[in-house]
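Enquirer: The structure's right below; bear with me while I get my questions together.
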Amino acid sequence: MELWLYDHTTNNRQSLSVNGDPITIGRDDTCDVVLKAPFVARRHARIFRKGNQLYCENLGRSGTLVANREVNAGKPVRVDFGDEIQIAQFSLIIVSPGRKAGAADDRHELQHQLMAFEQQVHADLLERMNLRVTGHIDKSDATYTEQILHHLTEVIDRGVDRLKKELVTHIVYTHVHRLVIAEVVRQCQGKVQTDYTPGDERQLEPAREQAIQELVTSIVDMMPLLLDSATVGEDLTVAEEAFDELFEQVLPTISRGLRRYIVRRTVSKDLEDIMFGLGPLQDLLEMANVSEIMVVGKDRIYVEKNGVIQPTTRSFFSDEVLLSIIERILAPVGRRVDTSNPLVDARLPDGSRVNAIIPPLTLIGPCLTIRKFSWIPFTIDDLIDRGTIGANVANFLRGSVVGRANLIISGGTGSGKTTLLNTLSAFARPSERIITIEESAELRLPQPHVVGLEGRPANVEGRGAFTIRELVRNALRMRPDRIIVGEVRGAEALDMLQAMNTGHDGSLSTIHANSPADAMKRLETLVLMAVDMPMRAVREQIVTALDIAVQIDRFASGRRRVTRISEVTQIDRETGEILLEDIFTLRHEDQEELRHTGYIPTFAEDMIQRGHLDVEVFL
């Protein structure tokens with residue numbers, strides 16, 4: 001059996017030929033596949049045949065994933081060729097018979113070869129132009145920029161003909177894949193999301209560009225796509241799955257001259273991104289199906305697609321280049337990161353959130369996290385189509401918001417709290433004055449009378465900070481009908497609850513918690529951060545302020561679903577704790593939709609009489 005073994009910490013990749021059935025994997029030297037790492041058990045897992053199928057079994061309690069599915073002890077999971085088996089920092093892939101590691105479809109190895117070639121081109125250019133590695137080139141200097149692009153073209157042309165055929169095919173594959181994804185988005189949304197043309201327009205050859213566009217269009221036309229704005233996520237998934245097979249079909253039709261042109265075009269853009277843009281992050285920021293980018297040192301870049309974190313084959317040339325890119329990201333928003341200020345949060349002009357942290361606070365080099373601000377609008381119908389919420393539950397929440405119930409959404413990081421908050425906030429009446437308060441502005445509401453407030457951190461001198469709590473207090477003086485706090489995470493929880501208790505019904509917010517009950521406990525803790533008062537009084541504030549708690553979770557598959565909706569009812573006379581009554585619950589991920597528990601909330605009758613709720617939502 002042929003296995004590919006990849007170590008994510010060192011980026012080492014090797015091919016293993018292992019015989020026997022079963023094949024054991026672990027830290028012990030007696031195992032067939034030996035993985036020397038502290039988080040690998042002595043006998044961690046085994047792969048065995050059952051009929052014509054392969055299965056992976058976890059031999060202990062240490063974590064093992066097969067295609068992002070958890071493998072529990074005693075419950076083997078089927079493994080198909082190409083499925084990734086994840087154990088600690090290692091990935092193992094079973095190679096189908098007839099395939100050979102290091103062939104053209106070994107994207108990781110070929111991408112490393114491309115990176116080595118581009119790094120050499122970059123070094124040659126720096127030497128020729130006498131540039132610093134970390135220097136940022138000002139594109140406003142047209143003469144100097146033209147000189148750089150001229151020399152870049154010469155250096156690339158000198159090296160392109162020495163590239164192996166497999167690497168050329170890989171570069172063509174990568175470029176066409178990018179354009180296909182961009183074309184799918186364009187046809188779904190009617191909006192061009194990516195631009196891969198070089199900065200020097202003179203390098204473009206119209207006839208070649210037309211041939212590339214015809215190639216991309218033909219591939220997209222062969223895909224079974226719906227091409228609707230509400231199905232862009234599903235269409236992107238289909239495109240990813242179908243691309244490899246379709247590319248193999250059209251590859252023989254791509255001439256040698258066109259392949260050479262694509263190589264020059266791709267390498268030129270990658271190097272221009274390093275010098276003028278954001279390097280390997282440039283097109284990731286432009287890809288519609290990437291929602292988060294995570295840089296772990298110079299060698300590892302991860303992305304989140306469809307709720308699942310995936311490694312990419314991209315990397316930076318050096319820590320210095322990565323630091324230069326971080327500086328370019330932060331400079332337009334007036335922030336900086338250095339050894340005296342090694343941790344920074346910022347928001348990009350498009351609304352994306354950025355966190356950067358560098359040594360000495362990190363041990364593996366500079367780290368960067370970008371949560372992209374999605375330009376794809378989400379409505380309640382989109383959430384229903386994606387299975388995040390059922391139609392009856394959506395109607396209940398819509399009626400609750402219109403009826404001005406106070407609501408809090410709880411969930412973990414990346415579970416979709418802000419997306420759900422934005423969707424529910426859209427139900428507020430257009431005639432209402434809405435004040436939104438966030439640390440990083442993400443909410444986009446359709447109502448005409450919305451005042452958005454955003455907190456500000458302290459400057460390098462430690463001055464000029466405006467906290468969420470100060471903004472909540474100020475919002476009370478702005479005659480709001482509703483106050484929407486993007487997330488409560490500190491002492492502002494007290495001010496938000498007091499606002500809900502003083503005539504600002506219909507207020508909404510989010511909080512990090514694993515359940516509605518945990519959300520209540522966290523609110524108690526946050527209120528005590530603001531004021532020293534008896535716990536009974538704190539809980540009375542919460543019970544009288546909040547009406548509904550909504551829990552949203554992200555499952556291992558990447559799917560996000562509302563799992564529980566509860567009413568905040570009263571304080572238990574015996575225990576003194578806050579009581580919650582479940583209205584709708586989801587027991588497990590495979591359950592089709594949330595089910596009504598039979599409990600009718602105390603505010604339902606009044607809202608039904610006023611026409612905000614329909615009694616059918618409980619049937």
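Enquirer: When you go through (1) more than 30 Å from residue 560 (Cα to Cα); (2) in contact (Cβ under 8 Å) with a residue 12 or more places away in the chain; (3) not polar (S, T, N, Q) one by one for residue 335, which number turns out not to apply?
Expert: (2)
Enquirer: So residue 440 clears everything in (1) modelled with pLDDT under 90; (2) surrounded by fewer than 17 Cβ atoms within 10 Å (Cβ to Cβ); (3) not charged (D, E, K, R) except one condition, right? Which one?
Expert: Of everything listed in (1) modelled with pLDDT under 90; (2) surrounded by fewer than 17 Cβ atoms within 10 Å (Cβ to Cβ); (3) not charged (D, E, K, R), residue 440 misses just condition (2).
Enquirer: Could you look through the stretch 520-545, keep only residues that are farther than 20 Å from residue 603 by Cβ and of a type in the set (D, E, K, R), and pick out the one that is most open to solvent (accessible area, probe 1.4 Å)?
Expert: Applying the first criterion (farther than 20 Å from residue 603 by Cβ) to the stretch 520-545 yields 521-522, 524-538.
Okay, now just the ones that are also of a type in the set (D, E, K, R), so 521-522, 524, 532, 536.
Details: 521: 102, 522: 79, 524: 18, 532: 149, 536: 128 Å².
Applying the filter and picking the extreme gives 532.
Enquirer: Can you say whether residue 423 is at pLDDT 90 or above, within 20 Å of residue 493 (Cα to Cα) and buried (at least 20 other Cβ atoms within 10 Å of the Cβ), as far as the supplied structure shows?
Expert: On the way: at pLDDT 90 or above: yes; within 20 Å of residue 493 (Cα to Cα): no; buried (at least 20 other Cβ atoms within 10 Å of the Cβ): yes.
Spelling it out, it is not the case that residue 423 is at pLDDT 90 or above, within 20 Å of residue 493 (Cα to Cα) and buried (at least 20 other Cβ atoms within 10 Å of the Cβ).
Enquirer: Just checking, does the stretch 241-253 include any residue being in contact with a Lys or Arg (Cβ under 7 Å, 6 or more places away or on another chain) and open to solvent by 20 Å² or more (accessible area, probe 1.4 Å)? I'd like the intermediate steps shown before the answer.
Expert: Going residue by residue through the stretch 241-253, those that are in contact with a Lys or Arg (Cβ under 7 Å, 6 or more places away or on another chain) are none.
No, every residue in the stretch 241-253 fails to be in contact with a Lys or Arg (Cβ under 7 Å, 6 or more places away or on another chain) and open to solvent by 20 Å² or more (accessible area, probe 1.4 Å).
Enquirer: Out of all the residues in the stretch 262-274, is one or more within 12 Å of the chain's Cα centre (by Cα) and open to solvent by 30 Å² or more (accessible area, probe 1.4 Å)? Give the steps one after another, and end with the answer.
Expert: Start the filter on the stretch 262-274 by keeping residues that are within 12 Å of the chain's Cα centre (by Cα), which leaves none.
Within the stretch 262-274, none of the residues are within 12 Å of the chain's Cα centre (by Cα) and open to solvent by 30 Å² or more (accessible area, probe 1.4 Å).
Enquirer: Examine the stretch 234-257 for a residue that is under 24 Å from residue 187 (Cα atoms), touching a residue at least 24 places away in the same chain (Cβ under 8 Å) and of a type in the set (Ser, Thr, Tyr), and state whether such a residue exists.
Expert: yes
Enquirer: Scan the stretch 81-112 residue by residue and report those that are modelled with pLDDT under 80, open to solvent by 50 Å² or more (accessible area, probe 1.4 Å) and assigned to a loop (DSSP other than H, G, I, E, B).
Expert: 81, 97, 98, 99, 100, 105
Enquirer: For the stretch 593-604: of the residues being part of a loop (DSSP other than H, G, I, E, B) and over 25 Å from the mean Cα position of the chain (by Cα), which is surrounded by the fewest Cβ atoms within 10 Å (Cβ to Cβ)? Before the answer, list the steps.
Expert: Step one: of the stretch 593-604, the residues part of a loop (DSSP other than H, G, I, E, B) are 593-594, 597-603.
Still in the list and also over 25 Å from the mean Cα position of the chain (by Cα): 594, 597-603.
Numbers: 594: 22, 597: 15, 598: 8, 599: 16, 600: 15, 601: 21, 602: 12, 603: 17.
Here the residue is 598.
Enquirer: Right, another one. Under the condition of being open to solvent by less than 40 Å² (accessible area, probe 1.4 Å) and closer than 20 Å to residue 305 by Cα, which residue from the stretch 554-586 is modelled with the lowest pLDDT?
Expert: Top of the filtered list is 558.
Enquirer: Looking at residue 517, is it open to solvent by 30 Å² or more (accessible area, probe 1.4 Å), closer than 22 Å to residue 597 by Cα, touching a Ser or Thr at 6+ places or on another chain (Cβ under 9 Å) and not aromatic (Phe, Trp, Tyr)?
Expert: Values: open to solvent by 30 Å² or more (accessible area, probe 1.4 Å): yes; closer than 22 Å to residue 597 by Cα: yes; touching a Ser or Thr at 6+ places or on another chain (Cβ under 9 Å): yes; not aromatic (Phe, Trp, Tyr): yes.
Yes.
Enquirer: Restricting attention to the stretch 506-556, report how many residues are charged (D, E, K, R), closer than 19 Å to residue 567 by Cα and part of a strand (DSSP E or B).
Expert: Residues meeting the conditions: 1.
Enquirer: Suppose the filter is at pLDDT 80 or above, in contact with a Gly (Cβ under 9 Å, 6 or more places away or on another chain) and assigned to a strand (DSSP E or B); does residue 120 pass it?
Expert: Numbers: at pLDDT 80 or above: yes; in contact with a Gly (Cβ under 9 Å, 6 or more places away or on another chain): yes; assigned to a strand (DSSP E or B): no.
No.
Enquirer: Which of the following residues is at pLDDT 85 or above and closer than 28 Å to residue 325 by Cβ: 278, 226? Can you show your working first?
Expert: Details: 226 fails: closer than 28 Å to residue 325 by Cβ.
Just a single option satisfies the conditions, and that option is 278.
Enquirer: Right, something else. Out of (1) modelled with pLDDT under 80; (2) open to solvent by 20 Å² or more (accessible area, probe 1.4 Å); (3) more than 30 Å from the chain's Cα centre (by Cα), the odd one out for residue 134 is which?
Expert: Unmet condition: (3).
Enquirer: In the stretch 338-360, which residues are open to solvent by 60 Å² or more (accessible area, probe 1.4 Å) and closer than 25 Å to residue 454 by Cβ?
Expert: Initial filter on the stretch 338-360 (open to solvent by 60 Å² or more (accessible area, probe 1.4 Å)): 339-340, 343, 345, 347, 349-350, 353, 360.
343, 345, 347, 349, 350, 353, listed by residue number.
Enquirer: Report whether or not residue 217 is assigned to a helix (DSSP H, G or I), at pLDDT 90 or above and open to solvent by 40 Å² or more (accessible area, probe 1.4 Å).
Expert: On the way: assigned to a helix (DSSP H, G or I): yes; at pLDDT 90 or above: yes; open to solvent by 40 Å² or more (accessible area, probe 1.4 Å): yes.
In short, yes.
Enquirer: When both residues are 6+ apart or on different chains and their Cβ atoms are under 9 Å apart, which pairs have a first residue that lies in the stretch 341-364 and is closer than 21 Å to residue 282 by Cβ and among the charged types (D, E, K, R), and a second that is open to solvent by 50 Å² or more (accessible area, probe 1.4 Å) and part of a loop (DSSP other than H, G, I, E, B)?
Expert: 347/439; 350/375; 353/439
Enquirer: Which members of the stretch 470-514 meet the condition of being basic (Lys, Arg) and crowded, with 23+ Cβ neighbours inside 10 Å? Working first, answer last.
Expert: As a first pass, look at the stretch 470-514 and keep what is basic (Lys, Arg): 473, 477, 479, 482, 489.
Answer for the stretch 470-514, where residues must be basic (Lys, Arg) and crowded, with 23+ Cβ neighbours inside 10 Å: just 482.
Enquirer: Quick check on this structure: which one of 52, 19, 12 is within 32 Å of the chain's Cα centre (by Cα) and of a type outside the set (Phe, Trp, Tyr)? Before the answer, list the steps.
Expert: Values: 52 fails: within 32 Å of the chain's Cα centre (by Cα); 19 fails: within 32 Å of the chain's Cα centre (by Cα).
Of 52, 19, 12, the one residue that is within 32 Å of the chain's Cα centre (by Cα) and of a type outside the set (Phe, Trp, Tyr) is 12.
Enquirer: While we're on this one: For residues that are acidic (Asp, Glu) and without any contact (Cβ under 8 Å) to a residue 24 or more places away in the chain, scanning just the stretch 19-43, find the one that is surrounded by the most Cβ atoms within 10 Å (Cβ to Cβ). Even if it seems obvious, please write down each step before you answer.
Expert: The initial filter retains those residues of the stretch 19-43 that are acidic (Asp, Glu), namely 21, 28-29, 32.
So of that shortlist, the ones also without any contact (Cβ under 8 Å) to a residue 24 or more places away in the chain come out as 28-29, 32.
Values: 28: 14, 29: 8, 32: 17.
Restricting to residues being acidic (Asp, Glu) and without any contact (Cβ under 8 Å) to a residue 24 or more places away in the chain, the top hit is 32.
Enquirer: Additional query: Could you look through the stretch 44-66, keep only residues that are among the polar types (S, T, N, Q) and part of a loop (DSSP other than H, G, I, E, B), and pick out the one that is most open to solvent (accessible area, probe 1.4 Å)?
Expert: This residue is 52.
Enquirer: With the condition kept exactly as written, say whether any residue in the stretch 283-301 is open to solvent by 30 Å² or more (accessible area, probe 1.4 Å), free of Cβ contacts under 8 Å to residues at least 40 places away in the same chain and in contact with a strand residue (DSSP E or B) (Cβ under 9 Å, 6 or more places away or on another chain).
Expert: Scanning the stretch 283-301, I find no residue that is open to solvent by 30 Å² or more (accessible area, probe 1.4 Å), free of Cβ contacts under 8 Å to residues at least 40 places away in the same chain and in contact with a strand residue (DSSP E or B) (Cβ under 9 Å, 6 or more places away or on another chain), so the answer is no.
Enquirer: Which residue, of 232, 238, is open to solvent by less than 30 Å² (accessible area, probe 1.4 Å), in a helix (DSSP H, G or I), within 13 Å of residue 181 (Cα to Cα) and modelled with pLDDT under 90?
Expert: Values: 238 fails: open to solvent by less than 30 Å² (accessible area, probe 1.4 Å).
One residue alone meets the criteria, 232.
Enquirer: Sticking with this one: Is it the case that some residue within the stretch 67-75 is part of a loop (DSSP other than H, G, I, E, B), open to solvent by less than 70 Å² (accessible area, probe 1.4 Å) and within 20 Å of residue 18 (Cα to Cα)?
Expert: Looking only at the stretch 67-75, we keep the residues that are part of a loop (DSSP other than H, G, I, E, B), and these are 67-68, 71-72, 74-75.
Then drop every residue that is not open to solvent by less than 70 Å² (accessible area, probe 1.4 Å), which leaves 67-68, 71, 74.
If we keep only those that are within 20 Å of residue 18 (Cα to Cα) as well, we get none.
No, every residue in the stretch 67-75 fails to be part of a loop (DSSP other than H, G, I, E, B), open to solvent by less than 70 Å² (accessible area, probe 1.4 Å) and within 20 Å of residue 18 (Cα to Cα).
Enquirer: Which one of the conditions (1) in a loop (DSSP other than H, G, I, E, B); (2) on the phi < 0 side of the Ramachandran plot; (3) in contact with a helix residue (DSSP H, G or I) (Cβ under 8 Å, 6 or more places away or on another chain) does residue 607 fail to meet, given that it meets all the rest?
Expert: (1)
The values are calculated or read from the model by the stated rules, or taken from the named source; none is laboratory data. None of the values given here were measured: they were computed from a predicted structure. So basically every Cβ, Gly included, is an ideal-geometry build from the backbone, and we count neighbours across all protein chains shown. Note: accessible area is taken over every heavy atom of the protein model, side chains too, but ligands, DNA and RNA are not part of it. Shrake-Rupley method; radii C 1.70, N 1.55, O 1.52, S 1.80 Å.
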